[in-house]
Amino acid sequence: MVGALSPVWVRVEDMQPLVLTRDPSLLDDLARLAAGAGVRLDVRGDPVAALASWSVAPLVVVGDDLVGEVAAVAPPQRAGVVIVSTAPATEVFRLALELGAACVVELPAAEAHLGALFADVEEVPGRGLVLGVVGGSGGAGASTLACALGQVGGRDGPSLVIDTDPVGPGLDRLLGLDETAGVRWHDLATSAGRLGSRSLREAVPRRDGVGVLTWAAGAATPAPLARVRDVLAAGQRGHALVVLDLARQAGALSAELMARCDLVLAVTPATVSGVASTMRLIEPMADTSRWRLAARRGPVPVRDLAAATGVPLAFEVPEQRGLAEAVDLGLGPVRHRRAPLGRAVARFLAEVA
Ligand SMILES: Nc1ncnc2c1ncn2[C@@H]1O[C@H](COP(=O)(O)OP(=O)(O)O)[C@@H](O)[C@H]1O
Ligand SMILES: [Mg+2]
């Protein structure tokens, strides 16, 4: 048994910036900037009616026509409040201070700045479930399981499979996304600055809810650790499920990634050598409380694996016929919903969610 991990990811696809104004020409300008950034606005002319959205909106934009009325209802302090004005007067700055606004922007001079703020709105707040998958032994089926989890999870909310194993086959290939345009690790390693969750979700190769971040062939240089952290944080904010395909080689990167997982699944072949190498992998780990086994059937009874390794069994990964063919066709390991692998993974995900 795994037990529910109750991730706090909330699907609010229409989380919109809150705009408070009754000035039609200002509203025209804001609507145009929002359309350019691909976001919809929640427009309110009544500050009291807007209080319900005040604290939860990803961004609050207050027109200078209403800033006095808004300050008068004393909404709770929050980050991300912007005052817009076409001719800011001293009074506007005083009220901005009172509201704890981040800035007063002047239109049209600050159009680009405001457009960027709209574009950066994180429409999916919260935090997705992070599952790590590591092979207990080489060729155990870890990458396959990671992709299967992403495919099945992607039916219920956006999922992201992150390849962190530089010597793996390239997970985009496993998922049939190798010819799909989108960013790879090397694009992110060289770009600086804060990574938006929505931009990451939209930038990676994606199909049917599952996205993949992987290495381009021949460019297998791990991104700097700090960048990997940013990517994982942005991935978690913008996806219901993040699956990490973890390298078996011990190192700072895999240790850090494992520590950030809600659960680490060690794919363990139920063979004498499979169990022996899984034990070697687990043995140096300081904390295995969040580790679970995903067993591949073999001559050793699956029920004996937990006792041998000291790690509880999460589920048995069934043998999937036609796997290589499905992957060759670009369909990923879960070709049919009702196939054994898809069903086992769906049952497991339902249990942890
Ligand atoms: N559930 C499964 N059923 C049948 N074959 C599988 C299964 N999982 C993996 N394989 C096969 O085993 C081989 C190794 O899988 P892979 O996922 O690359 O392992 P790892 O990432 O642990 O090295 C591949 O040829 C793959 O098709
Ligand atoms: Mg692999």
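For this structure, a couple of remarks:
- Inter-label distance for Val48 and Thr86, nm, one decimal - labels placed 7 Å from Cα along Cα-to-Cβ: 2.9
- Helix-derived mean residue ellipticity, 222 nm - over the chain, DSSP H n ≥ 4, -39500 (n - 2.57), to 500: -10000 deg cm²/dmol
- Fraction of accessible area attributable to carbon and sulfur, the chain (%, probe 1.4 Å): 56
- Looking at the chain, the accessible area is 44 square angstrom per residue; that uses a 1.4 Å probe and ignores ligands, DNA and RNA.
- Extending 7 Å from the Cα toward the beta-carbon at both Leu331 and Ala276 defines two label points whose distance is 3.8 nm.
- Of every Cα-Cα pair in segment 18-119, the percent that sits beyond 16 Å: 50
- P(r) weight above 38 Å for the chain, C-alpha pairs, percent: 29
The values are calculated or read from the model by the stated rules, or taken from the named source; none is laboratory data. Predicted model, so just to flag it, every value in this text is computed and none were measured. Please note: Cβ atoms are built from the backbone with ideal geometry, for glycine as well, and neighbour counts cover all protein chains shown. Calculation scope for accessible area: heavy atoms of the full protein, side chains included, ligands and nucleic acids excluded. Shrake-Rupley method; radii C 1.70, N 1.55, O 1.52, S 1.80 Å.
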